[in-house]
Amino acid sequence: MGCAISGLATKTEFSQRDGEDAAAAVRPSEERIQMIKDSWKVIRDDIAKVGIIMFVRLFETHPECKDVFFLFRDVQDLERLRTNRELRAHGLRVMSFIEKIVARLDQPERLEALAVELGKSHYHYNAPPKYYNFVGAEFIGAVQPILKERWTPELEEAWKMMFQYVTSLMKQGYQEESARQRDLAASPKDRLDKNTAL
């Protein structure tokens, strides 16, 4: 359940899938969507707690992720992070995003637009895609104790599938924005040459 070994397996699986092609990630089935929605009803009652636990675990297991968060970059004492107001606020924003994702799981076009847009905004936060899968793994580790006996291997697989799908869309958005910014940074002559070549 919450042991170190199962947590490592989850992190390893997410990390291995980090390099997979976005096309390999698929939207969860209707049955899995319902499992996610049902479990979210329980998780929702503790979203502030889950958000903090998720980010403290993220910074414990992947300290390099703190570099993306300038407010937490120099905080060495993880106990101080647990009570940090900014971390709580950011955790709530992420949990709010997850809530929106869960609500849109049966509305693929809206879900895709939301996740791609978030990926684009993460380009401007200087938060590269290599970190996205870590958040899903830490979310799963944070909610297992809350769901207790409701947590099953099938539910874990459903959440993993959802996070893989969403992170693949975010990566797509990040790459689109990166390409757009490179194009904008190109000199006017380069842009003209590129357009005439088309």
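The values are calculated or read from the model by the stated rules, or taken from the named source; none is laboratory data. From a predicted model like this one, the values you see are computed outputs, not experimental measurements. In this analysis, Cβ positions are derived from the backbone assuming ideal geometry, glycine residues included, and neighbour counts consider all displayed protein chains. Side chains are part of the model used for accessible areas, which takes the heavy atoms of the whole protein and leaves out ligands, DNA and RNA. Shrake-Rupley method; radii C 1.70, N 1.55, O 1.52, S 1.80 Å.
Numerical summary
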{"quantity": "Nitroxide proxy distance, nm - points 7 Å out along Cα→Cβ at Asp46 and Leu147", "calculated": "1.2 nm"}
{"quantity": "Translational D in µm²/s for region 104-154 (Stokes-Einstein at 10 °C, 1.306 mPa s, Kirkwood Rh from C-alpha pairs)", "calculated": "121 µm²/s"}
{"quantity": "Solution diffusion estimate, µm²/s, Stokes-Einstein, region 22-97, Kirkwood Rh from C-alpha pairs, 25 °C, viscosity 0.890 mPa s", "calculated": "175 µm²/s"}
{"quantity": "Whole-percent carbon and sulfur share, accessible surface of region 56-96, 1.4 Å", "calculated": "49 percent"}
{"quantity": "Spacing of the two label points (7 Å from each Cα toward its C-beta) at Gln34 and Gln107, in nm", "calculated": "2.1 nm"}
{"quantity": "Per DSSP, loop chymotrypsin sites (Phe, Trp or Tyr not before Pro) in region 65-100 with at most 14 further Cβ within 10 Å", "calculated": "Phe70"}
